[in-house]
Structure formats: C-alpha cells, structure tokens
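Participant: One structure follows; several queries about it will come next.
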Amino acid sequence: MLRALAVLVLIPVVLVAAFLVSYVLTCIAGGATPDEVVELLGGLWERVRGAAFDLARQLAGVG
C-alpha cells in the first residue's frame, strides 16, 4: 500500500522535474543567459499559478 502511494506521488514529481530540466536546457540551447533563464522560470511559474487560479475559480463556479 505504501509503495503504491509512493509511486502515485513520485511519478508526477519526476515528470515535473523532467519538464523543468528540459525547459531550462532548451532555453540555454536557445542562447539564454543565466539571468534570462531565471526570468523565464519566473514567467513560467506565474503562468502556471494563473492557470491554477483560473481553474479553481471555474471549478468553484465563481466568475
């Protein structure tokens, strides 16, 4: 039971980590400087956060 729960938690964590690594490597391959990568990651976080809030608002039936 504990092993199944660990798998259910670890799979999404590993997928998110793989996405972030590939995103950063793609930015670097595109010529981004470390400062630009940090800025791009901040923008990505804001887009994800905004989408999560919009989804929560829709599920709650507000707006």
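Participant: How large is the helix-only mean residue ellipticity at 222 nm for the chain, computed as the sum of -39500 (n - 2.57) over DSSP H runs with n ≥ 4, divided by its residue count, in deg cm²/dmol to the nearest 500?
Facilitator: On the way: 2 runs with 55 residues, N = 63.
For the chain, the value works out to -31500 deg cm²/dmol.
Participant: When a/c reaches 1.5 or more, the comparison of a/b and b/c decides; with that in mind, is region 21-63 rounded, prolate or oblate per its Cα gyration tensor? Don't jump to the answer; show the numbers that get you there.
Facilitator: Working: a/c = 5.59, a/b = 3.41, b/c = 1.64.
Here region 21-63 falls in the prolate category.
Participant: Taking a probe of 1.4 Å, how large is the accessible area per residue of the chain, in Å²? Don't jump to the answer; show the numbers that get you there.
Facilitator: Numbers: 5370 Å² over 63 residues.
Here the per-residue accessible area is 85 Å².
The values are calculated or read from the model by the stated rules, or taken from the named source; none is laboratory data. As the structure is a prediction and not an experimental result, all values here were calculated from the model. Note: areas computed on protein heavy atoms with side chains; ligands, DNA, RNA excluded. Shrake-Rupley method; radii C 1.70, N 1.55, O 1.52, S 1.80 Å.
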